[in-house]
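Following: one structure in structure tokens, then a few remarks.
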Amino acid sequence: MQRDAEMSETGRTRFVISNVKVIGEWDWTKPQRCMVCFLEIKEDDDVVYCPYCYHPAHREHLLEWLHVKGKCPHCQHPLREEELLTSLEGIF
């Protein structure tokens, strides 16, 4: 059984289990968006990540959200400010 990734005709990466079955695609050119405001995250923005679902958010937006709701806006897991990740380096 072959397991690897290949590029599709649309320029997206396909994750392939066999030569027949495509199990998913990912568009690497799609910009990341803040899970609070849904605006595009730019390279120089101050970004944090939920340690449970790894979705990104602008730091100030997520901090304000946590003061009001106390949980991740994406996965709904209870979350404290000190738990936020500043990088996903080493996670994946």
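The values are calculated or read from the model by the stated rules, or taken from the named source; none is laboratory data. Predicted model only: the values in this text are computed from it and were never measured. We place every Cβ from the backbone using ideal geometry, glycine too, and count neighbours over all the protein chains shown. Protein only, heavy atoms only, side chains kept; ligands, DNA and RNA dropped before computing areas. Shrake-Rupley method; radii C 1.70, N 1.55, O 1.52, S 1.80 Å.
Annotations for the structure displayed:
- Per-residue SASA entry for T29, accessible area with 1.4 Å probe, Å² rounded to 10: 120 Å²
- Restricting the stretch 25-92 to GluC sites (Glu not before Pro) in coil, as DSSP defines it, with at most 11 other Cβ within 10 Å: E43, E89
- Stokes-Einstein, applied to the Kirkwood radius of the stretch 43-92 over Cα pairs at a viscosity of 1.567 mPa s and 4 °C, places its translational diffusion at 119 µm² s⁻¹.
- Point-to-point label distance, C53-V68, nm (Cα→Cβ direction, 7 Å offset): 1.6 nm
- Annotation: amide H of L79 within the under-5 Å range of K71, C72, sequence separation 5 or more or interchain, hydrogens built in the peptide plane.
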